[in-house]
1. Taking into account only those residues within segment A:309-326 that are within 12 Å of another protein chain (Cβ to nearest Cβ) and out of contact with any Phe, Trp or Tyr (no Cβ under 7 Å at 6 or more places or on another chain), which is nearest to A:Leu287 (Cα to Cα)?
2. Taking B:Ala73 as meeting all but one of (1) modelled with pLDDT under 95; (2) out of contact with any helix residue (DSSP H, G or I) (no Cβ under 7 Å at 6 or more places or on another chain); (3) of a type outside the set (Val, Ile, Thr); (4) part of a loop (DSSP other than H, G, I, E, B), write down the number of the exception.
3. Which residue is surrounded by the fewest Cβ atoms within 10 Å (Cβ to Cβ), if the candidates are limited to segment A:299-308 and must be touching a residue at least 60 places away in the same chain (Cβ under 8 Å) and facing chain B (nearest Cβ under 9 Å)?
4. Please go through segment B:264-279 and give me each residue that is of a type outside the set (Lys, Arg), on the phi < 0 side of the Ramachandran plot and either within 9 Å of chain A (Cβ to nearest Cβ) or within 15 Å of ligand 1 (Cβ to nearest atom) (or both), ordered by number.
5. Could you give every pair whose Cβ atoms fall below 7 Å, whose first residue belongs to segment B:323-350 and is in the same structural domain as B:Met302 (by TED's automatic domain parsing) and more than 14 Å from ligand 1 (Cβ to nearest atom), and whose second residue is in a loop (DSSP other than H, G, I, E, B) and among the charged types (D, E, K, R), counting only separations of at least 6 or pairs across chains?
6. Taking the condition more than 16 Å from ligand 2 (Cβ to nearest atom), in a helix (DSSP H, G or I), among the small types (Gly, Ala, Ser) and within 14 Å of chain A (Cβ to nearest Cβ), does B:Gly500 pass?
7. Output yes when any residue across segment A:86-95 is in a loop (DSSP other than H, G, I, E, B) and of a type in the set (D, E, K, R), and no when none is.
Amino acid sequence: MAEAKREPRDYGLQQIGAARIDGPLVVVERARDVGYDEIAEIVGEDGRIRIGRVLDVSDRQVVLQVLEGTTGLSNRATRTRFLGENFRLSVSADMLGRVYDGLGRPIDGGPAPLALERRDINGMPINPTARHYPREFIQTGLSAIDGMNALVRGQKLPIFSGNGLPHDRVSAQIVRQARLIDASVDFSIVFGAMGVKHDVAEFFIRNFEESGVLARVVMFLSLADAPSVERLLTPRMALTMAEHLAFDCGQHVLVLLTDMTNYCESLREVGTARGEIPGRKGYPGYLYSDLASLYERAGRIVGSTGSITQMPILTMPSDDISHPVPDLTGYITEGQIVLDRDLTHRGVYPPIAGLPSLSRLMKDGIGKGFTRDDHPALASQLFACYARVKRVRGLADVVGAEELGALDKLYLKFGEAFEQRFLNQGEDENRPIATTLDIGWETLSILPRDELHRVSDALLDVHYAQGVAAAASAKGDPL
Amino acid sequence: MSTSSDSPHVTRISGPIITASGLAAAQMYEVVRVGASGLIGEVVKLNHGQATIQVYEDTTLLAPGAPVQLTGAPLSVLLGPGLIGNIYDGIQRPLPGIQAQSGAWIRRGEKVAPLDTERRWHFVPVLRAGADVEPGQVIGTVAETPLVEHRILVPPELAGTLRHVAPEGDYTLLDPVAEVATAAGPREIALMQRWPVRVPRPIRERLRITEPLVTGQRIIDTLFPIGKGGTAAIPGGFGTGKTITQHQLAKWSDADIIVYIGCGERGNEMTEVLREFPEIRDPKSGLPLMDRTILIANTSNMPVAAREVSIYTGITLAEYYRDQGRSVAVFADSTSRWAEALRELAARLEEMPAEEGFPATLPTRLAQFYERAGSVTTLAGERGAITIVGAVSPPGGDFSEPVTQHTQRFIRCFWALDSELANARHYPSINWLRSYSEYAGDVAAWWGARAADWSELRAEAIGVLQREERLQQIVKLVGPDVLPDSQRLILFIAELLKDGFLTQSAFDDKDMYCDPVRQMTLLRLILNLYLKGRELVQQGAPLLKIQQLPAVPGIVRAKSAFGNDEQAALGRLGAELAAQLEALAGEYRK
Ligand SMILES: Nc1ncnc2c1ncn2[C@@H]1O[C@H](COP(=O)(O)OP(=O)(O)OP(=O)(O)O)[C@@H](O)[C@H]1O
Ligand SMILES: [Mg+2]
């Protein structure tokens, strides 16, 4: 990185005055030898130091984005000092158990960590030849995830939620329960909060505390009352931390980022202030690339035993999955867990939507030698049957459930059982994968065997009969 | 670091687009080196010695005043043995070489040669000194991989008399293996040549498409076939199966060479190809698929300017193998990310945007890309082909957006993916009503020579699916029970077609590749049931009796139960079904 750290110069030199101030942007003229993406300290009459970042630089002017707001800055008295490097975070494993603000400054009263190494928070792209393909099944103890949308170590799997849906509870439960089947290695957790309220942050802190993992968590909090541009750096702080823990210290790291929608709004704000041509819903045209520069910082690499598993959380404005934020996220991540308002209304927890949820890495992490040989076929069959349930329900709404044929009625019954027995579970209930699969068979066995054509006869011979017996005994009636 | 005011230097930096002055001597599209670490860039605009430069690497901390160096050449790729099996970034830097140099991360200013110039290749001449040579002619061959015989060609702009040809032996890419006396003087030919990526390589003439690219994917080969030399788009919202479908095609298509361009997509997907392809055997030769594959990986987090070029890099490599008389298939995942790179660069260039911020040149650029496909006669008079399949990622899965719309004007085969099918895990989620192929007529003769009833079965299957769609409108309102058996038969057969024929799991060992014979057998099985069933229903047999025939559940399972080498078992199932239908017919014959 020849350019990353430039030759020393007199960084003490200050530039006095700002030609233009507009929203989060400050334009400084006649600054010399300033680099693209360089950071600067900007001081107003109040003496407060704000951090800024160079967005555009020419031999005539420098456009800076001020991360902590431009309130109180004036054309005349603004002083800018360029620091000769781009944004960096000091990283060390000692940071576990600590809380930082959105720009990486400690806010828990503890000392700043010993700066072993200062890392460029933008990171570098992982060479695809140096990636290990993620394959290790993580048991979350939630049937909807383990059974049908399995998570593997090194995956990026977001939660698509809506306002008022229990995404925080679901992700907290995942943090509490996530384990590899046969290993006892614990996850370290990096938590990045962007623009969420204090009570959300407190909910997570309390949860980390209660489940005894607090000492293994690093938090970066840029809460709702922090300047919104600060949020653009917070996930990069979190991921830089995670990369250090995973790839230098060999830890398995789970990164929670919430709420990505707030992050994207900040990006939109800056884009608008710069007068950029807006894309869909006013978001910048480079939103995809920008999000990718975050989400792609997950995975496993050759030569390190660690891994980064990402679980970003986002709220879909008006529950609209085609909104640019969930849409572009879905185009980058390796699947998505979608929370469903309708299921919540019907008291199903976790309200994980059966059809739109998807884990793309599931296929390589389940089945024989990973979970159980019947897992892939069972999942595929559950999806197919539940899709039919949705169609039958649509029909029932029109013609009335009584008018349905016998088979369709069975499908309704299956749908009910699937939602209430399989999807639905307690917030403290940690189901082993075998239990999840057995419940799956039990619900499928409500349907006639010939309907289950995604499953081979050999598997049906073993599991279908079992399912019938289980379903019968659950109901208490003899076969 | 600052330089005297008139030597070329940077004056402005805005992400990947920079301006520099002192460049009156620069040419359009010339490659430049920027700054102390020599970042690679390309001149994209010239104005009174001020050049606008697109930089292919991260420009963080680059400052005005940094020096700019001209290289004198346009952005080009190196062509020669050693391309196959390799994986490159968008500007043809080999990723394994970068890994060897820098470890797991891609740093800025990486400099690694695209081809190994020290390695020796075994050259076998096919021409002798004294022969007159034309552009594109084969001078000799090199066994590049067990699957690919690499032909060393006279470069396209060169003709004359061979003064010298090297004897059979081992040579590096730099060693001259021939010398040609041309009108402009003697010229040496080595095993390696260069070609600018933005210029299509010349051909002699374009040919009509007559042969399908057999993909082993039923819904494609049977319903929406693509010809060798054709173009197809595969649009779909996130998670509908664009990548998996393209991987399937890259694995199983009967092309000689595969060029797979991961353009602005996930790193893990490229890793997956790298992990899988060496393990999978080509069904024809039994050799690893990697022996015929070139990968270009400019993932979503790699520099956006290099993403823009990656498409051209890929297609130029494809043309080079086409010129050797090969059938090449190019997969680009995703052309939308490429279009977005254009948009991002255009915005930085402060160009006037057209639809949805895309530059007004978007349609032209798409057309130019797809025009590089085709079935052709090469300069040397051989037959070669490039088939292009481009994934399209429309925002919100809505096909009315500019990239999908314009792409549709330049392709002839459209595989529309459908989120609803994908949600129901009906894969491949190609919607049979919205998709089309204009090649069906072109390849009918080829298929007819192998399965006389191909056109007929195809038309029948499409007919059933279309009628089902209309009936479903009624069913949605009143339920299926009011329909007469003759119509419910159509619903039943359509269901069988979907579950037993159209769906094909990429992860089912027996079914991931379905050879043409088995495709036809499976389709005949279902459509026979339809034709016989229709007669039976007419004769008064209740549909239920047909549905309950013991062989019926086996029809849906047949695709996963019997692989390509189990035709006999499939035949037995067909015979059983026929016998049961016959017996049933017996009951209802007056
Ligand atoms: N033919 C198939 N057989 C089995 N599964 C499939 C098939 N096609 C798609 N899938 C499933 O769908 C998932 C998503 O497919 P894929 O990654 O190809 O989507 P995509 O359209 O490329 O999405 P994106 O635009 O986000 O890249 C896969 O992970 C796989 O589970
Ligand atoms: Mg894809």
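The values are calculated or read from the model by the stated rules, or taken from the named source; none is laboratory data. As the structure is a prediction and not an experimental result, all values here were calculated from the model. Methodologically, a virtual Cβ is constructed for each residue, glycine included, from the backbone with ideal geometry; neighbour enumeration extends over all protein chains shown.
1. A:Val325
2. That leaves (4) as the condition not met.
3. Filtering first and then ranking leaves A:Gly303.
4. Those that are of a type outside the set (Lys, Arg), on the phi < 0 side of the Ramachandran plot and either within 9 Å of chain A (Cβ to nearest Cβ) or within 15 Å of ligand 1 (Cβ to nearest atom) (or both): B:Glu265, B:Gly267, B:Asn268, B:Glu269, B:Met270, B:Thr271, B:Glu272, B:Val273, B:Leu274, B:Glu276.
5. Listed by first residue and then by second, the contacts come to B:Asp323/B:Arg201; B:Gly325/B:Glu382; B:Arg326/B:Asp256; B:Ser327/B:Lys228; B:Ser327/B:Asp256; B:Val328/B:Asp256; B:Ala347/A:Glu276.
6. Values: more than 16 Å from ligand 2 (Cβ to nearest atom): yes; in a helix (DSSP H, G or I): yes; among the small types (Gly, Ala, Ser): yes; within 14 Å of chain A (Cβ to nearest Cβ): yes.
Judged against the criteria, B:Gly500 is a match.
7. Checking segment A:86-95: not a single residue is in a loop (DSSP other than H, G, I, E, B) and of a type in the set (D, E, K, R).
For (1) basic (Lys, Arg); (2) at the interface with chain A (Cβ under 9 Å from one of its Cβ atoms); (3) within 16 Å of ligand 2 (Cβ to nearest atom); (4) assigned to a strand (DSSP E or B), each residue gets a yes or a no:
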site: B:Ala255; (1), (2), (3), (4): no, no, no, no
site: B:Ile261; (1), (2), (3), (4): no, no, yes, yes
site: B:Leu295; (1), (2), (3), (4): no, yes, yes, yes
site: B:Ala306; (1), (2), (3), (4): no, no, no, no
site: B:Glu319; (1), (2), (3), (4): no, no, no, no
